[in-house]
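Visitor: Supplied in structure tokens, the structure appears directly below.
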Amino acid sequence: MSSNFLEDILEHKRGLLKQKKAFFDSLKEKIRAVPLADDGAFKKEISRPGRINLIAEIKKASPSEGVIRQDFNVVEIAKIYQEHGAAAISVLTEDKYFKGNPACVKEVSACVGLPVLAKDFFIDEAQIFEAKFNGAGAVLLIAAILKDKGFKSLLTIAREFGLDCLVEIHDEWELDRALKAGAGIIGVNNRNLKTLEVNIHTGARLIPKIPKGKVIVAESGIQSYDDVHRLRDLGAHAILIGEVFMRAKDIGQKIKELMYG
């Protein structure tokens, strides 16, 4: 991996799209035959009032740490998340650096009653169709990797197929672009995607700048009960946590520690 993680992963993603072109072409025809829907379950569940809502993430590996969890069974992990009060489940599907698979979304959505976020580096509508086909209720759109035209196009396509969009930002410029694109759910990522460094103060700086009426999700670097409640007090409606749970011997107990103290 080079010093610029984003350049590496986007080059890999573009190559993968070419390799899977025939599959995506057939998938587009199948998906376009499905009636359009307006679901919104993901947004509804992660914005329930009176608490901070948990988006619990299933992630096998990371580019900076390698494999995080050896004992990795997506169905078992998803069931633990549901049993311990998660509002939604995020499934990291990127294959090269996170050891994920888009099919894992299908496995998870089939075994739990929670909305599932397909978390990947979405740069093409074909990936949206694949997420929909696999049963996702939402997709991640990263402002840092999308130009304005493509950004709005993916937002529109996802919404046409009943998918919510978690739009991820890292600074004020990206926040402005997300708002202009019409994002309803904004994720503030404390991790710099170019250096992979985490700065927990990113959320503290950006969350208060997000207008009322938007659903706010805090991401990365959340390690403790105090972190969770500080983010709630700042105005976050939900938190997305994965690595802390993936490292825990007892995932259920770790959820209790972070969410309830």
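The values are calculated or read from the model by the stated rules, or taken from the named source; none is laboratory data. Just so we're clear, the structure is a prediction, and the values are computed from it rather than from any experiment. Please note: Cβ atoms are built from the backbone with ideal geometry, for glycine as well, and neighbour counts cover all protein chains shown.
Visitor: Report whether or not Gln70 is over 21 Å from Phe121 (Cα atoms) and either free of Cβ contacts under 8 Å to residues at least 12 places away in the same chain or among the aromatic types (Phe, Trp, Tyr) (or both).
Guide: For Gln70, the condition - over 21 Å from Phe121 (Cα atoms) and either free of Cβ contacts under 8 Å to residues at least 12 places away in the same chain or among the aromatic types (Phe, Trp, Tyr) (or both) - is met.
Visitor: Cβ-Cβ distance below 7 Å, separation of 6 or more or different chains: which pairs start in region 219-234 with a residue that is part of a loop (DSSP other than H, G, I, E, B) and end on one that is of a type in the set (Lys, Arg) and surrounded by fewer than 22 Cβ atoms within 10 Å (Cβ to Cβ)?
Guide: The qualifying pairs are Ser220/Arg191; Gly221/Arg191.
Visitor: Residue by residue through region 234-250, note down the ones that are more than 19 Å from the chain's Cα centre (by Cα) and closer than 15 Å to Glu76 by Cα.
Guide: Ala248, Lys249, Asp250
Visitor: Here's another thing I want to ask about it. I'm trying to understand the selection: among the residues of region 146-166, which are more than 18 Å from Glu130 (Cα to Cα) and under 17 Å from the mean Cα position of the chain (by Cα)?
Guide: Leu146, the sole residue that qualifies.
Visitor: Here are some residues: Lys79, Lys30. Which one is farther than 19 Å from Ala248 by Cβ and either part of a helix (DSSP H, G or I) or modelled with pLDDT of 95 or more (or both)?
Guide: The match here is Lys30.
Visitor: Among the residues of region 44-64, which ones are among the charged types (D, E, K, R) and either surrounded by 18 or more Cβ atoms within 10 Å (Cβ to Cβ) or within 14 Å of the chain's Cα centre (by Cα) (or both)?
Guide: Within region 44-64, Glu45, Glu57, Lys59, Lys60 qualify.
Visitor: If you don't mind, there's one more thing I want to ask. If Leu206 satisfies all but one of (1) at positive phi; (2) of a type in the set (A, V, I, L, M, F, W, C); (3) buried (at least 17 other Cβ atoms within 10 Å of the Cβ), what's the number of the condition it fails?
Guide: (1)
Visitor: Test of understanding: among Ala126, Ala110, which residue is touching a residue at least 40 places away in the same chain (Cβ under 8 Å), surrounded by fewer than 20 Cβ atoms within 10 Å (Cβ to Cβ) and assigned to a helix (DSSP H, G or I)?
Guide: None of the others qualify; the one that does is Ala126.
Visitor: If I filter region 163-172 for residues that are assigned to a helix (DSSP H, G or I) and surrounded by 21 or more Cβ atoms within 10 Å (Cβ to Cβ), do I get at least one hit?
Guide: The answer is no; no qualifying residue exists.
Visitor: I've got another one for you. In region 183-198, which residue that is assigned to a strand (DSSP E or B) and more than 23 Å from Ile157 (Cβ to Cβ) is nearest to the chain's Cα centre (by Cα)?
Guide: Top of the filtered list is Val188.
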